[in-house]
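Read through the structure below, which is laid out as structure tokens, and then see the notes.
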Amino acid sequence: MPKYSLGKLGSPSEIRQFIISERERLMNRRSLNGIVFMHEHSDLMDAAISQILHQAWVETAAEVGDRISPHILESVSLAATGGYGRRELCPFSDIDITFIVDDQDDAQIDLLVKNVYRLLMDVFLNGTGLKVGYSYRYIDDIENLPLDTHTALLDARRVSGGALLFDRFYSGILRAISPAEFVFGHLEQRAIIGKQWGASPYLVEANIKEGVGGLRDLQTARWIAQVAFGTSRSDVWLALRAQGIISDEEIKWIEDAAEFLAKVRNKLHIACGRDTDILYIDRQDEISAVLGYKRRASTLMANYFMHAEHIAGIYRKVASACHDQPLEIEPGLVVQRKEIRLLDGGLLSRDPEVIIRIFEHAMMLGLGLCRETADSLRGYVASSRPPHLKKTGARIAKAFLRVLGQPHAAQAIDSMSSVGAIQWLIPEFGRIMHLIPGDSAHELTVGAHSLEAVHQMESFAGGPDGELRDIFSGVRNTEVLFLATLLHDIGKADKEGPHAESGAVVAASIAHRLGLRSEAATQLVFLIRNHLLMSEVARLRDLTQKRTVQDFISVVDSLEMLDMLYLLTVADTRSVGQTTWSEVQISFLRELYHRADVALRGQVPAHFDIEKHRGRIVRELSLSNLSSDEINEHCRAMPARYQLNTSPDDLASHIIYVRSARDGKPVVNLKDDPMGLYTEITICTLDDPAPGLLYKMAFILSALDVDIHAAQVFTRESYDRIAIDILYVDFDHRSLPELKRLQVQSELEQMLAGGTNLDSMLKRFGKKLKVGIELANFTMMSNLSDQHTVIEIDAEDQPGLLYRLTKAISLLGWDIHSAKVSTWGSRARDSFYVTDSKGAKLDSAAADALRKAIKSH
């Protein structure tokens, strides 16, 4: 006999009033203990919901008439889930109900369910103060459900409707749960939630549900033990005692803690009039009084901490025991002590796709492979032919691409490579694992560098660089991005021609074998063909030149490909070696990305009005102590690219520097990048009639072991020709330390005062210049800038190289307007934007003249 009987009550208002009056009666029974209250409250809801189903059937029968199926009530089952399913319904807990149906296409069943839903809403949403959560499940709708849903259904209990239907559904849920995924998912979830609420059971304002040692620890211990040890819900603690995992005393602790927490939670709900689980300080005296504690809050919280200690300890013991238990991932695979074990050696031959799934499971659950499993995989791939992916191996390829598109892909790729699975799947990658790169900049083999680049790529997802994190999060095809990162140097196995071009050809073949869709294959080939483009432009081109950005976006012509190429370039450069790319060069890469992004979004007008821009500068500086005439005079004396690329603050500083230079006081200013990545040196002085300021600065900085990465050189077109040179430098890959700053400042100021003898300075710092420069490549290009000839020099790196190159250029009477300096292992690639003494591009005879000048210096 049910404890509650609604008799003939059938209307929503009658059922609602019954619920309200019985809840009030329950909540006024102060002596009722915690668990008994929850059970009786659950029973009350069971009675109401059963009556609702009955009333819905009556209404459905009236609508359908004689056609009503006699078995309709057996084809629908209403189940309580979550806390309601456990009969742990506190005063204001949500009432979670699952509709289970036998046939989702049956019109009568559909009508009955709609009537039940309507009546539920009419009853509960008008004055009961309770929330109803509901879900709809077809009898076979149990595969691939998320962890929270599986957990809620694990606690499911039939309230009304078809009993056999519910039993079939519940048996299916038990079969559908993957023990390993369930247990490890809950352990991870508890670790995360526990940290959110403070990783201690001793919080003054405790969360009695989610906090460490709270109800959720107790529930999670029961859930994972039930699944790991295959017990029923009612026998979990006894089964753990039989296994020697917990003791009789600890079972008593569980019972006492469950009662205490239930009683406190019930009283907290009633006191607050809502669903709440935090024992706020201002409520503790009130709850203590209701529970009859004489010393009020201190006694309440002392009891809470004791029970929380017990529950936290039991949770840890149960979690540890589950780790030791063999937990099935899928047939033939188990996890034990956080290692995957292959139980069926023949599985590899029957189902080669399991090779990829093993690593997918390891990635998703944070697991390793036991030694025997790793050996089995290694032996299988070593003795087996690569899968013919377009035929029998299509599922393998799809599984591999699925791995690449998920979080922690780098871990899976690394593990797959360690047993040879990547090399088995993509034999071309196997050819580069032991390949030594052709330049000394790389610290790893080509394959190992590629794996490191994959790890760098993954680090962007949750790393400290917010910009990289945001760009990565916006990528649609992360599997393509990771595959491109893995394969970007695949062409280095071919010694003929540029490796980016040959790599693109190989990548197209791999994309075909893997079954990549057309768009993804096109993206993969593009990224590999152009994986060097962005770094070369950033390292060797003047980014302030409009032509530089226009040429770049003519190749990288979409925002999506710009994002992907930028991420690939950063991952590639950061995985080359510790000293190859400095942070100042990374900043150039970032600058190129932003300039290209703006251009692709069409935010730069095709015809820029420099006069309007100058007017904006004057307005922005109107609050400074600079006159509009002085600002206008300076802007007209400087080239347009200076005005477009100089911030108002820097422009104002330069005007003040010009004042000082005109008074015969040259300026040397050092300003650190806000991130401490590099130092910007600005020199302002009357221009020497004979060019040479840049090479003298290069000499001094080289003698002081300061690296120059870029230079912008401007000479004001005015009556007194004042030079403003800006250099971007670092020392040991950071901005200049204080002592080095003082040295640089002193030596440059001495040079500007005419007191520096370069030869004596070499002796003073114990430096020697190597005799001769070994040129590997020398190119002059007129198509990269509208105003300048670009000279690109590839040479063996040596101390003072930039000084000797700039001196050779200067002594020919040519003007250097900007320079980029890049060192790659033992090679240096420097580029200079140059005009002749009349401000024109160089003629065809200039190349021979410069070669001779370089050899003589």
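The rows are residues; the columns are (1) in contact with an Asp or Glu (Cβ under 9 Å, 6 or more places away or on another chain); (2) open to solvent by less than 20 Å² (accessible area, probe 1.4 Å).
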| residue | (1), (2) |
| --- | --- |
| I15 | yes, yes |
| I19 | no, yes |
| F37 | no, yes |
| H54 | no, no |
| S69 | yes, no |
| G82 | yes, yes |
| A107 | no, no |
| L111 | yes, no |
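Can you tell me which residue within segment 21-35, out of those that are outside any helix (DSSP H, G or I) and of a type in the set (K, R), is least open to solvent (accessible area, probe 1.4 Å)? Top of the filtered list is R29. For F832, the conditions (1) of a type outside the set (G, A, S); (2) without any contact (Cβ under 8 Å) to a residue 60 or more places away in the chain; (3) open to solvent by 20 Å² or more (accessible area, probe 1.4 Å); (4) closer than 27 Å to Y642 by Cα all hold with the exception of (3). If you filter segment 88-105 down to residues that are within 21 Å of V58 (Cβ to Cβ) and open to solvent by less than 10 Å² (accessible area, probe 1.4 Å), you find that the one that is nearest to the chain's Cα centre (by Cα) is I97.
To keep it simple, each residue is scored yes or no on (1) among the charged types (D, E, K, R); (2) touching a residue at least 60 places away in the same chain (Cβ under 8 Å); (3) in a helix (DSSP H, G or I); (4) touching a helix residue (DSSP H, G or I) at 6+ places or on another chain (Cβ under 9 Å).
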position	(1), (2), (3), (4)
S459	no, no, yes, yes
E467	yes, yes, yes, yes
G491	no, no, yes, yes
A511	no, no, yes, yes
L543	no, no, no, yes
Q550	no, no, yes, yes
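No other residue among A289, A321 is open to solvent by 10 Å² or more (accessible area, probe 1.4 Å) and touching a residue at least 12 places away in the same chain (Cβ under 8 Å) apart from A321. Looking only at segment 773-786, decide whether some residue is free of Cβ contacts under 8 Å to residues at least 12 places away in the same chain and part of a helix (DSSP H, G or I). Checked against the condition, which is being free of Cβ contacts under 8 Å to residues at least 12 places away in the same chain and part of a helix (DSSP H, G or I), segment 773-786 yields no hits at all.
The conditions of being within 28 Å of the chain's Cα centre (by Cα) and under 16 Å from P437 (Cα atoms) are met by I490. Checking A511, A412, A493, A448 one by one, the residue that is aliphatic (A, V, I, L, M), farther than 19 Å from L533 by Cβ and touching a Phe, Trp or Tyr at 6+ places or on another chain (Cβ under 8 Å) is A412 and no other.
The listed residues are T373, T299, and the only one of them that is among the β-branched types (V, I, T) and surrounded by fewer than 19 Cβ atoms within 10 Å (Cβ to Cβ) turns out to be T299. The residue that is surrounded by the fewest Cβ atoms within 10 Å (Cβ to Cβ), among those in segment 620-672 that are among the polar types (S, T, N, Q), within 27 Å of Y833 (Cα to Cα) and within 45 Å of the chain's Cα centre (by Cα), is S647. Could you please let me know if A845 is small (G, A, S) and closer than 28 Å to I724 by Cα? Judged against the criteria, A845 is not a match. Scanning segment 806-818 for residues that are open to solvent by 10 Å² or more (accessible area, probe 1.4 Å) and part of a strand (DSSP E or B) yields D815, I816, H817. Close Cβ contacts (under 6 Å, 6 or more residues apart or on different chains) running from residues in segment 644-656 that are more than 16 Å from K671 (Cα to Cα) to residues that are in a helix (DSSP H, G or I) and open to solvent by less than 40 Å² (accessible area, probe 1.4 Å) comprise I655/H634. The residues of segment 513-528 that are at pLDDT below 95, surrounded by 21 or more Cβ atoms within 10 Å (Cβ to Cβ) and part of a helix (DSSP H, G or I) amount to a single one, L514. In segment 255-273 there is at least one residue that is over 42 Å from the mean Cα position of the chain (by Cα), surrounded by 22 or more Cβ atoms within 10 Å (Cβ to Cβ) and not aromatic (F, W, Y). Residues that are farther than 16 Å from I314 by Cβ and not in a helix (DSSP H, G or I) within segment 225-245 comprise G230, S232, listed in sequence order. Within segment 764-805, the set of residues being at pLDDT below 85 and exposed (fewer than 12 other Cβ atoms within 10 Å of the Cβ) comprises R764, G766, K768, V771, E774, A776, N777. Here is the figure for segment 733-763: residues that are closer than 30 Å to Q545 by Cα and surrounded by fewer than 12 Cβ atoms within 10 Å (Cβ to Cβ) total 0. Quick one: would you say L727 is touching a helix residue (DSSP H, G or I) at 6+ places or on another chain (Cβ under 7 Å) and surrounded by fewer than 20 Cβ atoms within 10 Å (Cβ to Cβ)? Spelling it out, it is not the case that L727 is touching a helix residue (DSSP H, G or I) at 6+ places or on another chain (Cβ under 7 Å) and surrounded by fewer than 20 Cβ atoms within 10 Å (Cβ to Cβ). Applying a threshold of 7 Å to beta carbon distances and a minimum spacing of six or more residues, or different chains, the list of pairs starting in segment 730-756 at a residue that is farther than 27 Å from K820 by Cβ and ending at one that is open to solvent by less than 60 Å² (accessible area, probe 1.4 Å) and not aromatic (F, W, Y) reads Q750/T756.
Of all positions in segment 198-214, none carries a residue that is assigned to a helix (DSSP H, G or I) and either open to solvent by 40 Å² or more (accessible area, probe 1.4 Å) or of a type outside the set (V, I, T) (or both).
The values are calculated or read from the model by the stated rules, or taken from the named source; none is laboratory data. Everything numeric here is computed off the predicted structure, so don't read it as measured data. No Cβ is skipped: glycine too gets one built from the backbone with ideal geometry, and neighbour counts run over all protein chains shown. Note: areas computed on protein heavy atoms with side chains; ligands, DNA, RNA excluded. Shrake-Rupley method; radii C 1.70, N 1.55, O 1.52, S 1.80 Å.
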